[in-house]
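Computed from the coordinates by the stated procedures, all read-outs in this text should not be read as laboratory data. Everything numeric here is computed off the predicted structure, so don't read it as measured data. Don't worry about glycine lacking a Cβ; one is built from the backbone with ideal geometry, like all the others, and counts go over all protein chains shown.
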């Protein structure tokens with residue numbers, strides 16, 4: 001099952017509180033996830049587990065999480081390396097990429113979510 005969604009990103013309190021130790025498990029838990037509402041999780045046929053998020057800019061696997069505050073069709077990944085893997089790196093001269101409204105396809109996966117070190121190593125090999 002697949003879900004077409006608009007991906008957004010932004011800062012969260014937990015993500016910001018763990019910025020000083022980006023290789024820690026606490027930072028992984030604070031920034032490596034994709035929030036969806038229960039309707040979207042049901043459309044994927046899951047209530048928990050990892051999801052693969054694919055955009056025209058990349059692919060990332062992160063744990064899926066429930067957030068009833070998200071409207072249907074909106075996926076949220078906190079700012080950080082996992083969001084950066086699927087956001088447009090173009091900044092149009094302002095120094096900041098677009099963090100909102102990125103078309104994404106989300107699907108359940110048995111693949112493992114990479115740690116930050118593993119994720120960065122993957123990009124260094126390209």
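Considering the stretch 31-50, and only residues there that are in contact with a helix residue (DSSP H, G or I) (Cβ under 7 Å, 6 or more places away or on another chain) and crowded, with 21+ Cβ neighbours inside 10 Å, the residue that is nearest to residue 118 (Cα to Cα) turns out to be 32. Of the helices (runs of 4 or more DSSP H) contained entirely in the stretch 1-73, those carrying at least 1 residues that are within 26 Å of residue 123 (Cα to Cα) and within 15 Å of the chain's Cα centre (by Cα) fall at 13-17, 25-31. For the stretch 1-15, a residue qualifies if it is surrounded by 13 or more Cβ atoms within 10 Å (Cβ to Cβ) and farther than 25 Å from residue 105 by Cα, and exactly one does: 14.
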